[in-house]
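Below is one structure, written out as structure tokens; the observations come after it.
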Amino acid sequence: MAVHRRGYRRYEGERTGRAARLLVLPRFAWNQLMKQRFVVVIFMLALFWPVACMLFVYLANHRDLLIGVPADLTGFLNVNATFFVTFMNAQATFAVLLAAFAGPSLIAPDLGNGALSLYFSRPFSRGDYLLARMLVLLGIFAPVTWIPGIAIFLMQSGLAGWDWMAGNWVLGAGVVAGFLLWTFFVSLVAMTCSAYVKWRMVAGALVLGTFFVLAGAAEITAEVLEAEWPSAFNPARAMNQIWCTMLGAEPIPGPDALQSLLTLAALSVVMMVVLNRKIRPVEVLS
């Protein structure tokens, strides 16, 4: 039979599930990211602080090993909410660095090479594409954020006993929830920068610039207006306020956790709108 006489036949075979389709992009992206030297270096550097915190936890529960050390020097060996907030602030910095190096390679190449039409010609919606790209970032953030955080919490629980864990379970839950909230926001920033700028190096610089510029502009505006509310637009400061409230630590002066959360939510909505406008299977030129 001639080719032009063959009618179109819809594919009627077995289809993969949505979860399997979502994991296709992260699986290949993780392999590519682990081949980047800077990403591996940041991963290695990000492990030093959790190891140091684990040593701190061990010494806090074995003060008898510090024979001859004055009691006033060992008084700071307390595993409490302030300790976990300090740990989270340090690891949050590494998450931003990872986003600067890993985020630009997610969406910018697809836009630059016109690959979105290939994705969306398959049973893959715009939401699936964005979710798959976010899973890539959440996957590389996990080993440097909530996974070591929960490991430190479990180590402290094992050394201090069940009573400590039962009385401080909010610390473990706060570490996981707080890190997930931060990595979600950082992922949105990285994806938006990658979608808005098609050059990877410029997009990576834009990711870092977003956090530094917002922080600087927020603090300068607060000084000029002699008000506290502009500080909520500093993502790191706003997230610190949220973490302090979640873990029960003493917050720093400034906008409270609710104001900070609303500000981050507003910024997230703006980035989602930008992503929705940029992620299209076709581009109409006027």
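Is the C-alpha gyration tensor of the stretch 176-235 telling us rounded, prolate or oblate? Criteria: a/c under 1.5 is rounded; beyond that, a/b larger than b/c is prolate, otherwise oblate. Verdict is oblate for the stretch 176-235. What you get for the stretch 9-59, charging only the Cβ of Lys and Arg (+1) and of Asp and Glu (-1), is a dipole of about 360 debye around the Cα centre.
Computed from the C-beta positions of R280 and L180 and an R0 of 35 Å, the FRET efficiency is 0.75 to the nearest 0.05.
Extension gain for I252 to N78 (0.36 nm times residue separation, less C-alpha to C-alpha distance): 60.7 nm. Where only DSSP H runs of four or more residues are counted, the chain gives -23000 deg cm²/dmol as its mean residue ellipticity at 222 nm, each run worth -39500 (n - 2.57).
Once the mean of 1/r is taken over each pair of separate Cα atoms and inverted, the stretch 128-286 shows a Kirkwood hydrodynamic radius of 17.6 Å. Put in order of Cβ neighbour count within 10 Å, fewest first, the listed residues D256, D128 become D256, D128. Subtracting the Cα-Cα distance of Q36 and E226 from 0.36 nm times their residue separation leaves 63.9 nm of extension gain. Note on the stretch 55-210: with charges restricted to the Cβ of Lys and Arg (+1) and Asp and Glu (-1), its dipole about the Cα centre is near 620 debye. The mean sequence distance of close C-alpha pairs (under 8 Å, at least 6 residues apart), as a share of the length of the stretch 159-283, puts its relative contact order at 26 percent.
All distinct Cα pairs of the stretch 126-189 go into the 1/r average, and the inverse of that average, the Kirkwood radius, is 12.9 Å. Counting Lys and Arg as +1 and Asp and Glu as -1 over every other residue whose Cβ lies under 12 Å from the Cβ of P230, the net charge comes to -3.
Here, each number is a calculation from the coordinates, and none is a lab measurement. Just so it is clear, the model here is predicted, and its values are computed rather than measured. Reconstructed Cβ throughout: ideal geometry from the backbone, glycine too, with neighbour counts over all protein chains shown.
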